[in-house]
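Enquirer: Following this message is one structure expressed as structure tokens.
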Amino acid sequence: MIKTEDFKFDTDFTLITGACGGLGKAFVTKCAENSENLLLTGTSEKKLSALYNEISERFNNLKILTYVCDLANRENRKGLLEFISKEKITITRLINNAGVIIEGDIDRFSDEEIENAIQVNCIGTVDLTKKLLKVRDRTRKFEILTVSSIASSYPIPHMAVYAATKSFLVSMMTALSVEYKNERVVFTTVCPGGMATTQAMKDSIKSMGIGGKLSTIPVSKVAEGSLKALKRKKKIYVPGLFNKFLVFISKPFTKSFLARQSGRIYRKSQKKRNF
């Protein structure tokens, strides 16, 4: 689905992937409140249409477009870029929010499920970032905000694929921030803790006890803080004092030690949920 009017766009847009999810919608709202024109993507035409109707009604002074795009699909990504070119849209900010969470021992998942998570979280995100960097207006500042997780600081047994993909994003975007440091490109990677966006996430947070509760930050606060960190050109942003502490205490220890400790925590959490 593409929502357009009877004119071509030649103004600045913020592109938000995974716009229909809890954090994605929070980013949409915050950017709209900042009077930013929006290009919103997601995998569900129905959800995108509902989001478009809601946001365009609240912010009728903005130009809002939606485009169905599965980041795991190369042709979908190509179509999105062709749409941007055709409509003469200038993307000045990219929010890499789309992501796939898979939880459980690796042998629970099919090859396709694992490949899809890696495609969305890693390959699709990097490919879209690369392509937009290539076509950006080099006379202007270009901002890239990427959503990772505090899981990026820990190898996590029973959630290994997800944690590994989020670690990949931190490494990749931090490296790119150095590559582009003299080219008016700003990279910020946000590493949030728990976010109670679905019932499954709420159950997971509850099963973590006091640690899960302390780690959880409302999505509106995560989005607001992330955009402020981007404005300050902060390379890594961790919302919440407890989450900052979790990242800090991970640094002195070996990966093997961290894996053993995080594995115990997640196995206990999953048993509580009969996962």
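Enquirer: Considering only residues that are among the polar types (S, T, N, Q) and surrounded by 14 or more Cβ atoms within 10 Å (Cβ to Cβ), which ones fall in region 195-220? Walk me through it before giving the result.
Expert: Of all residues in region 195-220, those among the polar types (S, T, N, Q) come to 197-199, 204, 207, 215-216, 220.
Within region 195-220, THR197, SER204, SER207, SER215, THR216, SER220 qualify.
Enquirer: Shifting gears a bit: Provide a single number: the residues in region 235-271 that are over 30 Å from GLU179 (Cα atoms) and among the hydroxyl-bearing types (Ser, Thr, Tyr).
Expert: Total satisfying the criteria: 4.
Enquirer: Then there is this: Within region 54-80, how many residues turn out to be over 22 Å from THR90 (Cβ atoms) and surrounded by fewer than 13 Cβ atoms within 10 Å (Cβ to Cβ)?
Expert: Step one: filter region 54-80 for residues over 22 Å from THR90 (Cβ atoms), giving 54, 57-58, 70, 72-75.
Still in the running and surrounded by fewer than 13 Cβ atoms within 10 Å (Cβ to Cβ): 57-58, 75.
Number satisfying all stated conditions: 3.
Enquirer: Residue pairs, Cβ under 8 Å, 6 or more apart or interchain, first in region 44-69 and closer than 19 Å to GLU82 by Cα, second in a helix (DSSP H, G or I) and of a type in the set (Asp, Glu). List them.
Expert: VAL68/GLU45
Enquirer: Right, here's the next one. Of the residues LYS134, LYS181, LYS86, LYS166, which is among the charged types (D, E, K, R), free of Cβ contacts under 8 Å to residues at least 24 places away in the same chain and closer than 16 Å to ILE236 by Cα?
Expert: Details: LYS134 fails: closer than 16 Å to ILE236 by Cα; LYS86 fails: closer than 16 Å to ILE236 by Cα; LYS166 fails: free of Cβ contacts under 8 Å to residues at least 24 places away in the same chain.
Testing whether each residue is among the charged types (D, E, K, R), free of Cβ contacts under 8 Å to residues at least 24 places away in the same chain and closer than 16 Å to ILE236 by Cα leaves just LYS181.
Enquirer: Quick one: what pairs do we get from region 207-227, first residue of a type in the set (Lys, Arg), second in a loop (DSSP other than H, G, I, E, B) and surrounded by 15 or more Cβ atoms within 10 Å (Cβ to Cβ), C-beta under 9 Å, 6+ apart or different chains?
Expert: LYS213/GLY194; LYS221/PRO239; LYS221/GLY240
Enquirer: OK, next. For the structure I just gave you, tell me whether PHE248 is farther than 18 Å from ALA164 by Cα and in contact (Cβ under 8 Å) with a residue 24 or more places away in the chain. Spell out the reasoning first.
Expert: On the way: farther than 18 Å from ALA164 by Cα: yes; in contact (Cβ under 8 Å) with a residue 24 or more places away in the chain: no.
Criteria not met by PHE248.
Enquirer: Could you look through region 221-275, keep only residues that are of a type in the set (Val, Ile, Thr) and outside any loop (DSSP other than H, G, I, E, B), and pick out the one that is surrounded by the fewest Cβ atoms within 10 Å (Cβ to Cβ)?
Expert: Within region 221-275, the subset of a type in the set (Val, Ile, Thr) is 222, 236, 238, 247, 249, 254, 265.
Those left that are additionally outside any loop (DSSP other than H, G, I, E, B): 222, 236, 247, 249, 265.
Values: VAL222: 23, ILE236: 17, VAL247: 16, ILE249: 11, ILE265: 18.
Selected residue: ILE249.
Enquirer: Is it the case, given these coordinates, that LEU39 is in contact with a Lys or Arg (Cβ under 7 Å, 6 or more places away or on another chain), at pLDDT 95 or above and of a type in the set (A, V, I, L, M, F, W, C)? Don't jump to the end; show me each part of the working.
Expert: Values: in contact with a Lys or Arg (Cβ under 7 Å, 6 or more places away or on another chain): no; at pLDDT 95 or above: yes; of a type in the set (A, V, I, L, M, F, W, C): yes.
For LEU39, the condition - in contact with a Lys or Arg (Cβ under 7 Å, 6 or more places away or on another chain), at pLDDT 95 or above and of a type in the set (A, V, I, L, M, F, W, C) - is not met.
The values are calculated or read from the model by the stated rules, or taken from the named source; none is laboratory data. It should be emphasised that the depicted structure is a prediction, and the values quoted were computed from it without experimental measurement. Every residue, glycine as well, gets a Cβ built from its backbone with ideal geometry; the counts of neighbours run over all protein chains shown.
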